[in-house]
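Working notes, beginning with the structure itself.
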Amino acid sequence: MDIPPELVPSILQHISPTPPSLLSRPAFIDRSWHQYRRDLRAFVQFALVCRTWCIFTREIMFHTLIVPWLNESILRLCSILRQFGSYSRIMVIFTIDTDDSMLLNRDDFRAALDSCFSLMPRMAKVEIYGAMDKIFGHSLPNKVGRFDMLSLRSLKLAGSVGNSSKLLLHALGHAAPFLETLEIMDFEAWPDHSLPTPLGNLRSLILHCTYLSVPGVINLLRGPDEDANSGQTLRKLVIIPSRFQSIPPDITPLLTFDSTGERLRFLMIHRFDPCRALERCPALETFIYASPTSSNIFPFLPRTLRRLAISAMLLSPLDRFVAYISSENARNLSHLAVTLKHDTDLALATTSERFARVAEVCRDAGVLLTWVVPGMLGLGLEGWNDVIELFKTVQSLPMARLKLT
């Protein structure tokens, strides 16, 4: 039986190798890395089926490249990219615990990495995981140190800063003119240096599980030129403070800096005062506050809101929620996600009178309701696919869904 060509990419994507998660553990262990390489070698055999399968197999294999820091596998990768570098869009660099016999010296690795970058003309994103001291604590190849390719639009830094904050920001500064998305994760301290170049095109700033310094973030947005700061272009802001930061700071100065909050369309915060934040963000289209809270946020929600994610605690007392969802203030709302605290709450959501009333009110208002349940595997969250990883960060476990319409 012939498989329709339009189905081939979905089939191959489903069976393509997936590396171990870098979010829960910044560095691969040696065994996991070798298993991933073996899986890739097996996957490439699908390219032998026919020309159509060959094209799609290459696109999937080379779309995202995994590069262990100092690992000799980069030499083979560099050779392959001479022919297939145009398929590559994302490069992931991470520190690895492995046998020293497999490591290159820094000069050879830097030269190979520099060659890889030059062979990837359509690369749009770089992700760096692990100990930043190992990567940014030494002299770097031009491309890594400057990130000055016009195609680079997104940069993610996840790991320990150590003593490399100045060199890290120096490298980030050279990427600044082109970056549209900057994601910082697991920084245990905020770098106390300024960027040499403004983030003039930054539209999305994601800070999660990171020690938050409000003055530091303002300096990041301000850059060296106060007349061209990135607060003027920022539209999406996510702030999930480090679990070691027991009392998160007030983010009001950040939202009022150059009217940053007034320009935001997407805001996700965790463990901050939601009402004070909403007062300064009148044009939001998405607001996510999954933290347990009894604050009455409904009077502060803007009329522009299209998506809202809240803790189930905000459904009590129910009258407040019913009044909001039925009001003119919710006229643009199309998606509501309610996060439940425990898996057992799923049964409660389907049987309790209170939650049944929530489903009824949403149905009458034409709002798609999704229950977000920790600890259960699912196919995703309809209408929320762009923030699933952020939900996982907050709730620590994969999400499931139960849609009631």
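A compact table of results
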read-out: Peptides ranked, highest mean first, by Cβ atoms within 10 Å: ranges 9-18, 272-281; value: 272-281, 9-18
read-out: Reciprocal mean inverse distance between Cα atoms of segment 257-325 - Kirkwood radius, Å; value: 12.2
read-out: Net charge contributed by nearby residues that have their C-beta within less than 10 Å of residue 292 (K/R +1, D/E -1); value: +2
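Quick note: the coordinates plus some simple rules give every number you see, no bench work behind them. Keep in mind the model is a prediction, meaning the values are calculated, not measured. With ideal geometry, Cβ positions are generated from the backbone for all residues, glycine too; neighbour counts draw on all protein chains shown.
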